[in-house]
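The values are calculated or read from the model by the stated rules, or taken from the named source; none is laboratory data. Predicted model, so just to flag it, every value in this text is computed and none were measured. Ideal geometry is used to build each Cβ from the backbone, glycine not excepted, and the neighbour counts take in all protein chains shown. Just so you know, the surface numbers come from the protein's heavy atoms only, side chains and all, with ligands and any DNA or RNA stripped out. Shrake-Rupley method; radii C 1.70, N 1.55, O 1.52, S 1.80 Å.
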Amino acid sequence: MFRLLIAQACSFSFFTNKTCTRREFICNQDKKDIVFANFAMIGEAAARISDDLRKAHPDVSWKRSIAMRNVLVHNYMAVDYSIVWDTAMDDLPVLKKQIQKILEEISEK
């Protein structure tokens, strides 16, 4: 269930950012809130992934996903949305592919 949540959140955040420019994103509180919430969900779900699954897939940035969530949730007044944008554009597509691959492997078993 948590794996699916991560995949859905990755897709949604990535889609949201593909519909606007960096400047539009940074100036649009609704878009920032959507991406913020999705990053929080990704990090929370990553924290609940079993140790066995994490060990089986060390290439997935589980710790970075959790750390991003923690920074956003606990230090939300000082969030640098340029970094959030870069992460959404650069890291989310990679994470999405990794999670999709894991889901495919699990469904084949």
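Can you tell me which condition Ala9 does not meet? The list is (1) of a type in the set (A, V, I, L, M); (2) at pLDDT 90 or above; (3) assigned to a helix (DSSP H, G or I), and all the others hold.
(2)
Tell me which residues, restricted to region 82-94, are aliphatic (A, V, I, L, M) and open to solvent by 60 Å² or more (accessible area, probe 1.4 Å).
Ile83, Val94
Residues that are open to solvent by 60 Å² or more (accessible area, probe 1.4 Å), among the aliphatic types (A, V, I, L, M), at pLDDT below 85 and not in a helix (DSSP H, G or I): does region 95-106 have at least one? Quick ask: steps written out before the conclusion?
We begin by selecting, within region 95-106, every residue open to solvent by 60 Å² or more (accessible area, probe 1.4 Å); these are 97, 100-101, 104-106.
Subset that is among the aliphatic types (A, V, I, L, M): 106.
Retained after the next criterion (residues that are at pLDDT below 85): 106.
Checking the rest, the ones that are also not in a helix (DSSP H, G or I) come to none.
So far as region 95-106 goes, no, none of its residues is open to solvent by 60 Å² or more (accessible area, probe 1.4 Å), among the aliphatic types (A, V, I, L, M), at pLDDT below 85 and not in a helix (DSSP H, G or I).
Restricting attention to region 40-94, and to residues there that are β-branched (Val, Ile, Thr) and not in a loop (DSSP other than H, G, I, E, B), which single residue is farthest from Arg22 (Cα to Cα)? Even if it seems obvious, please write down each step before you answer.
Taking region 40-94 as the starting set, the residues that turn out to be β-branched (Val, Ile, Thr) are 42, 49, 60, 66, 71, 73, 79, 83-84, 87, 94.
Subsequent filtering for residues that are not in a loop (DSSP other than H, G, I, E, B) retains 42, 66, 71, 73, 83-84, 87, 94.
Values: Ile42: 21, Ile66: 24, Val71: 21, Val73: 22, Ile83: 10, Val84: 10, Thr87: 12, Val94: 19 Å.
Once the filter is applied, the top-ranked residue is Ile66.
Could you give me the residue pairs with C-beta distances under 8 Å whose first residue belongs to region 74-102 and is of a type in the set (Gly, Ala, Ser), whose second residue is open to solvent by 40 Å² or more (accessible area, probe 1.4 Å) wherever it lies, and which are 6+ apart or on separate chains?
Ser82/Arg22; Ser82/Ile26; Ala88/Phe14
In region 65-81, what residues are of a type in the set (D, E, K, R) and open to solvent by less than 70 Å² (accessible area, probe 1.4 Å)?
Arg69
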